[in-house]
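The values are calculated or read from the model by the stated rules, or taken from the named source; none is laboratory data. From a predicted model like this one, the values you see are computed outputs, not experimental measurements. No Cβ is skipped: glycine too gets one built from the backbone with ideal geometry, and neighbour counts run over all protein chains shown. Accessible surface areas use protein heavy atoms only, side chains included; no ligands, DNA or RNA. Shrake-Rupley method; radii C 1.70, N 1.55, O 1.52, S 1.80 Å.
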Amino acid sequence: MKRELWKGNEAIAEAAVRAGVEAYFGYPITPQSELLEYMSRRLPELGRAFVQAESEPAVINMVYGAACTGARVMTSSSSPGISLMQEGLSYIAGTEVPMVLVNVMRGGPGLGNIAPSQGDYSQITKGGGHGDYFPIVLAPASIQETVDLMPVAFDLAHKYRSICCILIDGSIGQMMEPVKMPDMMPVERKVYDWAVSGAIGRERHVLSSIYLDVPTEEKINLRILGRWKEVQENEIRYREYYLEDAETAIIGFGTAGRIALSAVRAARAMGIKVGLFRPISVNPFPYKRVEELSERVKSLLVVEMNAGQMLRDVQTAVRQRIPIRFYGRLGGVMPFPDEFVNELQDLLKNPGKPEDDPVDLWYRRMMAR
Amino acid sequence: MATTIVNPENLVYSRPKGLTDMPSHYCPGCTHGTAHRLVAEVLEEMNLLDKAIGIAPVGCSVFAYNYINTDFVQAAHGRAPAMATGIKRVLPDRVVFTYQGDGDLVSIGMAETVHAAARGENITIIFINNAIYGMTGGQMAPTTMPGMKTSSSVNGRDVETQGYPIRMAELLATLDGAGYVVRRSLHDPASIRKAKKAIRIAFETQVHGLGFSIVELLSTCNTGWGLTPVDSLSWLEEHMIPVFPVGDYKVSPEVAALKI
Amino acid sequence: MQTEIFIAGFGGQGVMFAGQMFSYAAMDIGKEVTWIPSYGPEMRGGTANCTIVIADEEIGSPLVLNPPAVIVMNLPSLDKYESAVKPGGVLVVNASMIDREVKRTDITWVSLPCNEIAEEVGDRRMANVVAAGALLALMPILTLEDIEAALKAHMPKRHQHLLPKNVEALKRGAEYAKEHAIKAK
Ligand SMILES: Cc1ncc(C[n+]2csc(CCOP(=O)(O)OP(=O)(O)O)c2C)c(N)n1
């Protein structure tokens with residue numbers, strides 16, 4: 001298959017088209033706008049639905065409506081826009097309809113800036129909207145990986161009647177890499193026993209997130225949780241690098257994870273036996289695999305472009321078995337591999353104790369710079 | 001000693017006190033600068049610089065607070081009229097104004113704008129209509145005209161699928177809470193003078209407690225439109241004014257009676 | 001094997017295009033490559049830069065602290081990035097917009113009037129291509145033929161007639177660099 005050079009945002013849009021997306025709704029926001037612009041050209045040309053809505057709350061409710069028909073539907077935005085969608089996401093989760101959400105994260109909080117950040121990890125993996133629900137969240141680290149995950153995202157969303165989020169940052173949206181595009185899949189609307197389509201020759205379907213009868217609402221919550229248990233069982237994804245003989249390991253997702261790959265190679269060149277664990281499904285998080293890892297290595301370095309949001313998941317898995325070091329950059333700063341190498345060298349010299357608070361140590365070092 | 005080439009007695013133009021001494025970040029030719037200056041001049045002339053509180057939007061004028069020399073806050077996208085309401089209700093004797101683009105005011109902020117007007121919120125809105133989303137790279141706005149090319153309507157706005165532009169001044173004029181609703185343009189000196197007068201009346205409306213006031217200013221976005229600054233001005237005149245006629249859409253009798 | 005190129009200048013100097021040219025050429029000869037720009041409003045009036053990483057295996061960080069190959073198209077970029085060049089690396093300076101010498105002695109550098117050479121070739125806008133030619137003469141990450149083939153394969157049809165001039169610009173840049181480069185001490 002031929003490789004072509006693609007800009008991240010446009011490659012994601014084309015991959016969604018090829019995965020059979022039937023409807024896209026969006027609102028401009030940097031560093032994601034090229035995705036919307038691409039869809040504005042491409043979808044009408046294919047006779048599929050595209051609307052530039054008046055706001056993100058409108059976007060997510062258009063998605064909600066389209067999702068109720070069982071169509072493959074998606075939207076994309078960046079951090080402030082995703083925040084505005086939280087109400088709708090909760091309704092979508094409560095109604096148990098599938099959708100794909102792409103968040104091209106940028107520096108925050110507030111209006112922040114348009115630089116790459118990973119500050120929305122907790123928002124999407126731990127909730128964000130009200131109520132108990134569990135979006136599937138995939139965090140690829142390259143354009144090819146994102147492209148390959150687009151059809152997977154739609155499949156997962158529909159299989160588990162769930163929100164599936166592709167969580168990337170502005171750097172992946174804005175950069176260019178060679179990509180092998182998958183073939184065009186035909187658009188096929190499956191007949192679901194839950195979707196609304198007009199009650200032709202069948203009992204009518206009603207979709208709603210309102211359950212005034214409290215015990216029924218509890219049952220629905222348990223059903224959502226039950227599906228999530230299946231997701232946890234079956235949908236763990238990650239990549240491991242240089243871990244076979246590793247004595248210590250870096251853990252990072254998305255862009256921080258790929259930056260760590262450079263750091264690992266540099267450290268290996270210096271004779272440090274270090275490997276990399278890069279979670280791809282960050283919800284469900286690969287707790288078991290990280291737990292196993294913590295039984296093999298002597299210490300861990302967690303790297304993120306936030307203040308230690310995934311760190312909490314790592315700590316849950318490691319349960320103070322070994323010392324954990326944290327290194328993060330905030331507000332849109334992209335770290336260089338050299339920074340991770342420095343941390344690694346320091347960690348090997350001063351591993352500290354398993355019960356030390358990694359954020360505390362990191363914060364003090366940041367303030368002393 | 002440095003020689004002065006400018007003699008004070010010959011000086012006909014200088015920076016108003018209402019503007020800070022900050023180099024502009026706007027693209028050369030953009031009319032945001034003109035609109036900023038008009039607001040600054042009016043506030044200075046009315047002696048309101050220390051009484052006014054501005055609300056900057058999300059859009060190219062997100063940094064309006066860097067230039068207009070009053071207290072300022074910065075709102076989330078589209079929410080400036082709500083923030084203005086909050087400030088005005090707590091500080092009713094201050095002069096509260098928002099400065100918003102068409103994406104901010106007509107698209108995501110439509111609800112906040114309409115309801116602030118409907119409540120007769122005693123605030124002033126300076127509304128920059130350039131028919132495009134400038135900041136995010138020239139996408140279609142709710143004021144983009146039929147057939148107009150933007151980065152999210154590359155073949156021109158197709159009214160069949162993308163609908164029609166919204167005429168905000170006309171729409172707001174139907175609301176009983178609005179005291180002063182007008183549209184002006186910034187494409188030539190005569191129009192700019194008229195725009196300034198309208199901004200003055202809008203702030204007078206607020207000072208006299210006569211309800212919601214808004215001045216819509218037809219503006220250029222030469223970068224987003226892909227034209228030179230000069231061509232943009234004539235493009236505005238030729239293409240925007242027919243769709244968005246300049247005029248007074250609502251002047252309440254009390255506002256009309258103001259002697260300025 | 002991995003090499004990184006960093007290009008900086010004003011918006012409108014073709015910095016992004018030059019980076020993409022390297023990227024296409026690298027991809028077409030089977031390499032892994034990333035191209036990452038500085039993006040957003042800063043590009044409109046101000047400075048623009050991009051980093052290109054070319055490698056034989058999966059690429060980690062798309063940014064590097066000390067790139068071995070750097071092109072600076074204007075003075076602010078030289079001031080800002082001269083110190084970043086990896087010791088032993090290469091720095092190409094657009095003398096048309098920069099009137100000072102390079103201070104570093106531990107790198108190989110050349111200062112060439114890219115705008116004037118481009119004008120001689122026939123199009124001022126090809127100053128970036130002249131600089132690219134100079135860079136490749138001093139650090140053969142790719143051959144001039146690789147670039148030529150990539151331009152041919154990926155330039156939009158309406159620009160194809162510019163191909164011979166682009167090739168000429170590349171060569172002129174390369175020749176100038178071979179003659180005038182100051183070697184690292
Ligand atoms: C919730 C949210 N969605 C989207 C954006 C991105 N955004 C920034 S400015 C802007 C549009 C501004 O256009 P307009 O109001 O017409 O002002 P102009 O830039 O043309 O002056 C958008 C969509 C944002 N900041 N926040």
### Gyration tensor (Cα) of the stretch B:76-129, equivalent ellipsoid semi-axes in angstrom
18, 11, 9
### Task
Return the calculated 222 nm mean residue ellipticity for chain C, to the nearest 500 deg cm²/dmol, obtained by summing -39500 (n - 2.57) across DSSP H runs with n ≥ 4 and dividing by the residue count.
-12000 deg cm²/dmol
### Query
Expressed as a fraction of 2.2 N^0.38 Å, the rule-of-thumb size for a compact globular protein of N residues, what is the C-alpha radius of gyration of the stretch A:210-265?
1.94
### Message
Classify the stretch A:238-367 from the C-alpha gyration tensor, please: rounded if a/c falls under 1.5, else prolate or oblate depending on whether a/b exceeds b/c.
### Response
rounded
### Task
Filter the cross-link list A:126/A:349; A:298/C:80; B:51/B:196; C:80/C:178; B:88/B:149 down to pairs whose alpha-carbon distance in this structure exceeds 29 Å.
A:126/A:349; A:298/C:80; B:88/B:149
### Message
Using alpha carbons only, how many angstrom separate the centre of the stretch B:177-199 from the centre of the stretch A:29-73?
### Response
37
#### Entry: Calculated Rg and Dmax of the stretch C:2-180 using C-alpha coordinates, Å
14.8, 43
### 13 Å cut-off, amide nitrogen to a point 7 angstrom out along residue B:15 Cα→Cβ, residues in the stretch B:38-72
B:66-69
### Task
Please list the radius of gyration and Dmax for chain A, considering alpha-carbon atoms only, with Å as the unit.
21.0, 72
### Value of [θ]222 nm, deg cm²/dmol, for chain B, DSSP H segments ≥ 4, -39500 (n - 2.57) each, nearest 500
-8000 deg cm²/dmol
### Query
Comparing A:125, A:216, A:146, which has the greatest mean-square fluctuation in the GNM of chain A with Cα pairs linked when under 10 Å apart?
A:216
### Task
Enumerate by residue number the GluC sites (Glu not before Pro) in the stretch A:211-266 meeting two conditions: DSSP loop (anything except H, G, I, E, B), and at most 10 other Cβ atoms within 10 Å of the site's Cβ.
A:244
### Query
DSSP beta bridges in the stretch A:4-234, what fraction antiparallel, as a percent rounded to 5?
20
#### Entry: With Cα atoms, 0 to 90° folded angle of helix A:214-234 axis to chain A main axis
50
### Message
Please compute, for peptide A:24-31, the average count of beta-carbon atoms on other protein chains lying within 10 Å of each residue's beta-carbon.
### Response
5
### Query
Once you sort the root eigenvalues of the Cα gyration tensor of the stretch B:37-163 as a ≥ b ≥ c, which label holds: rounded (a/c under 1.5), prolate (a/b larger than b/c) or oblate (the other case)?
prolate
### Query
Cα axis of helix A:337-349 to longest principal axis of chain A: angle in degrees, 0 to 90, nearest 10?
50
### Message
Please compute the contact order of the stretch A:212-290 in relative form: average sequence separation of alpha-carbon pairs under 8 Å and at least six residues apart, divided by the residue count, as a percent.
### Response
37
### Query
Can you give the charge dipole size of the protein assembly as shown about its Cα centre, rounded to the nearest 20 debye, using +1 on the beta carbon of Lys and Arg and -1 on the beta carbon of Asp and Glu?
300
### Query
Residues in the stretch A:90-114 near a label at residue A:223, defined as backbone nitrogen under 18 Å from the 7 Å Cα→Cβ point?
A:90-99
### Query
B plus A alone minus the pair: what accessible area, both sides summed, probe 1.4 Å, in Å² to 100?
1200
### Message
If you consider only alpha-carbon coordinates, what radius of gyration and Dmax does the protein assembly as shown have, in Å?
### Response
28.8, 95
### Message
Only four residue types carry charge here, +1 at the Cβ of Lys and Arg and -1 at the Cβ of Asp and Glu. Report the dipole size of chain B about the Cα centre in Debye, rounded to the nearest 20.
### Response
260
### Query
Going toward the positive end of the dipole of the protein assembly as shown, with +1 on Lys and Arg Cβ and -1 on Asp and Glu Cβ, which of C:126, B:208, C:140 do you reach last?
B:208
### Task
Report the relative contact order of chain A, percent, no decimals, based on alpha-carbon pairs under 8 angstrom and at least 6 residues apart.
17
### Query
What average count of beta carbons from other chains do you get within 10 Å of the Cβ of residues in B:131-137?
5
### Summary
Between the alpha carbon centres of the stretch B:83-124 and the stretch C:5-78 the gap in Å comes to 44
### Summary
Reduced to Cα centres, the span from the stretch B:6-59 to the stretch A:207-260 in Å works out to 53
### Spherically averaged projected area in nm², based on the convex hull that wraps the Cα atoms of the stretch B:129-215
7.0
### Query
What residue among C:29, C:107, C:147 has the largest mean-square fluctuation in a Gaussian network model of chain C, using Cα springs under 10 Å?
C:29
### Task
For every helix of n ≥ 4 consecutive DSSP H residues, a contribution of -39,500 (n - 2.57) applies; sum these over chain A, divide by its total residues, and give [θ] at 222 nm rounded to the nearest 500 deg cm²/dmol.
-13000 deg cm²/dmol
#### Entry: Minimum 20 Å² accessible area buried by the other protein chains, the stretch A:104-120 residues, probe 1.4 Å, relative to alone
A:111, A:114
## Note on the structure
Given backbone amide H placed at 1.01 Å from N, residues whose amide H is under 5 Å from that of residue A:299, ignoring those fewer than 5 places away on the same chain, are A:249
### Query
Roughly how compact is the stretch B:152-260, stated as its Cα Rg over 2.2 N^0.38 Å to two decimals?
1.22
### Query
Between residue C:75 and residue B:260, what is the FRET efficiency for a Förster distance of 51 Å, r being their Cβ-Cβ separation, to the nearest 0.05?
0.50
### Query
Considering only A:344, A:261, A:310, whose Cα is most displaced toward the positive end of the charge dipole of the stretch A:238-367, charges sitting on Cβ of Lys, Arg (+1) and Asp, Glu (-1)?
A:261
### Query
Using a ≥ b ≥ c from the Cα gyration tensor of the stretch A:5-155 (square roots of the eigenvalues), is it rounded, prolate or oblate, where a/c under 1.5 gives rounded and otherwise the larger of a/b and b/c decides, a/b for prolate?
rounded
### Query
Taking residue B:194 as the anchor, which lysines have their alpha carbon closer than 17 Å to its alpha carbon, excluding any fewer than eight residues away along the same chain?
B:250, B:259
### Only Lys, Arg (+1) and Asp, Glu (-1) charged, at Cβ; the stretch A:7-69 dipole about Cα centre in debye
160
## Note on the structure
Along principal axes, largest first, the alpha-carbon spread of chain B in whole Å comes out as 62, 48, 32
### Query
With each label point set 7 Å from Cα along the Cα-Cβ vector, what nm distance links residue C:58 and residue A:350?
3.3
### Message
On C-alpha positions alone, give me the angle between the axis of helix A:143-159 and the longest principal axis of chain A, in degrees, nearest 10.
### Response
50
### Message
Give the lysines whose C-alpha is closer than 28 Å to that of residue A:180, dropping any in the same chain fewer than 8 places away, or say none.
### Response
A:2, A:7, A:159, A:190, C:31, C:152, C:157
